[in-house]
Structures are given as structure tokens and as C-alpha cells.
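Inspection log for the structure reproduced underneath, given as C-alpha cells.
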Amino acid sequence: MYMTIPETAEYLSMNEKQLHALVLQGRIRTVHDGEQFLINSEQFQTHFEQVEKYRAMIQDYLNEPIPEDLDVKDED
């Protein structure tokens, strides 16, 4: 599915000017139909999947209990 820059900016919750700059830099693949840039929305699926994967990894890391220090001496 192809979307215009304003539609893609809304989809990504991003400023249109920033998105347009990324398109002009070649960081986002587009098709130009003579009037406007068209962006294939499926190219962002991998990015969103990676973000979710890293979010889950960080959450697992934060939920891991802190191990006891083996060098702590009992002062009883």
C-alpha cells in the first residue's frame, strides 16, 4: 500500500518536514509519480517489529532480579 508524505507522517507520528527531509536524503525509499512522493508502508513493518523486539528485551532485562553479591559478608 502506497501512502503520500502527509499520510505517512501521520502513520509514523512524525513531522511532515522531517519525513520529507528523510525522503530527499534517500533514507526512506519512495516512488515519485511526477507530482508527489509515494511511500510503501510495508517497509516500516520490519522497523516496527525490531522496535517491539528490543522493547521486550529491555523489559525482560529490567524485570530480571538483581543477583546477590557473593562478596558480601554476613555481619551477624
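The values are calculated or read from the model by the stated rules, or taken from the named source; none is laboratory data. Note that the structure is predicted; figures quoted are calculated from it, not measured. Note: ideal-geometry Cβ built from the backbone for every residue, glycine included; neighbour counts use all protein chains shown. Heavy atoms of the whole protein, side chains included, go into the accessibility calculation; ligands, DNA and RNA do not. Shrake-Rupley method; radii C 1.70, N 1.55, O 1.52, S 1.80 Å.
Summary of computed values
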read-out: Inter-residue pairs, beta-carbon under 7 Å, first within 16 Å of Tyr11 (Cβ to Cβ) and in region 28-55, second in a helix (DSSP H, G or I) and open to solvent by 90 Å² or more (accessible area, probe 1.4 Å), 6+ apart; value: Ser41/Tyr11
read-out: In region 1-33, residue surrounded by the fewest Cβ atoms within 10 Å (Cβ to Cβ) [restricted to those that are among the hydrophobic types (A, V, I, L, M, F, W, C) and not in a helix (DSSP H, G or I)]; value: Met1
read-out: Members of region 33-64 found to be within 30 Å of His20 (Cα to Cα) and among the aromatic types (Phe, Trp, Tyr), listed by number; value: Phe37, Phe44, Phe48, Tyr54
read-out: Scan of region 34-76 for residues that are within 18 Å of Glu7 (Cα to Cα), modelled with pLDDT of 90 or more, surrounded by 10 or more Cβ atoms within 10 Å (Cβ to Cβ) and of a type outside the set (Val, Ile, Thr), ordered by number; value: Gln36, Phe37, Leu38, Asn40
